[in-house]
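Coordinate-derived values only; no laboratory data. Keep in mind that this is a model prediction, so the values were computed, not measured. As a convention, Cβ positions derive from the backbone with ideal geometry for all residues, glycine included, and neighbour counts pool all protein chains shown.
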Amino acid sequence: MEAALHDWEEVVRQSRISWRFIMSETDNDREWLPNPKQDCVIPNLKVSNEMVQSWGSIMDELDLVLKGERLIPFWRSPEFANDSERSAKELITRAAPLTGTGLNVRKVFMEPRKLDLVMWVQGTGAAPFLETGRLTQGNDWNKWRSVFGDNFPGFALFFN
């Protein structure tokens with residue numbers, strides 16, 4: 001699990017390096033990963049400045065999550081307890097409080113335990129990994145995702 005965490009951290013690091021090189025290119029010759037001033041070899045695929053900036057913000061936030069400096073909002077935390085009438089999707093995507101109870105992803109990787117999926121779904125399986133602190137914001141992730149349209153997963157694979 002620790003090695004997997006370090007692999008994810010390396011993905012973020014390498015993405016930043018790649019985009020520095022991509023953005024510094026000035027030619028426009030059969031670009032697989034184009035900057036906004038270049039054309040892509042994939043027909044009708046355009047990369048905008050907004051996409052590049054959003055991708056950088058996503059990598060920054062992911063880096064903080066992997067370091068344990070941003071927590072994933074926990075759906076059973078007290079901050080969400082009064083929202084029983086909201087759907088799970090609404091709870092995940094709405095603006096979370098800036099601080100609150102959340103899942104420390106770094107702790108999940110660095111202090112692994114036996115996975116009991118039922119207990120995780122119920123909530124108590126996550127208890128050892130919960131902390132109070134700064135939460136990553138679902139509305140930020142939604143904003144970033146919206147920049148890429150309906151194919152955010154495809155762009156995430158493409159950009160990495």
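Converting phi to 3J(HN,Hα) with the Karplus coefficients 6.51, -1.76 and 1.60 and the offset θ = phi - 60°, the range 103-108 yields 7, 8, 4, 4, 5, 4 Hz in sequence order, with x at every glycine or proline.
Summarising the amide proton neighbourhood of residue 135: residues at separation of 5 or more, or on other chains, whose placed amide H is nearer than 5 Å comprise 71, 99, 100. Exceedance of the 27 Å cut-off in Cα-Cα distance is limited, within the set 37/67; 67/143; 46/107; 37/143, to 37/67; 46/107. What you get for the chain, charging only the Cβ of Lys and Arg (+1) and of Asp and Glu (-1), is a dipole of about 300 debye around the Cα centre.
So for the chain, taking the charge dipole from beta-carbon charges (+1 Lys/Arg, -1 Asp/Glu), which of 130, 57, 19 sits furthest toward the positive end? The residue sitting farthest along the positive end of the dipole is 130.
Can you tell me what share of the DSSP beta bridges in the chain is antiparallel? A percent to the nearest 5 is fine. If we restrict to bridges inside the chain, about 80 percent are antiparallel. Would you be so kind as to identify which of 148, 115, 33 lies farthest towards the positive end of the dipole of the chain, taking Lys and Arg as +1 and Asp and Glu as -1 on Cβ and the Cα centre as origin? Selected residue: 115. Its residue count N sets the reference 2.2 N^0.38 Å, and the alpha-carbon radius of gyration of the chain equals 1.20 times that reference.
Shown here for the range 1-78: GluC sites (Glu not before Pro) in loop regions (DSSP other than H, G, I, E, B) with at most 16 other Cβ atoms within 10 Å, namely 25, 69.
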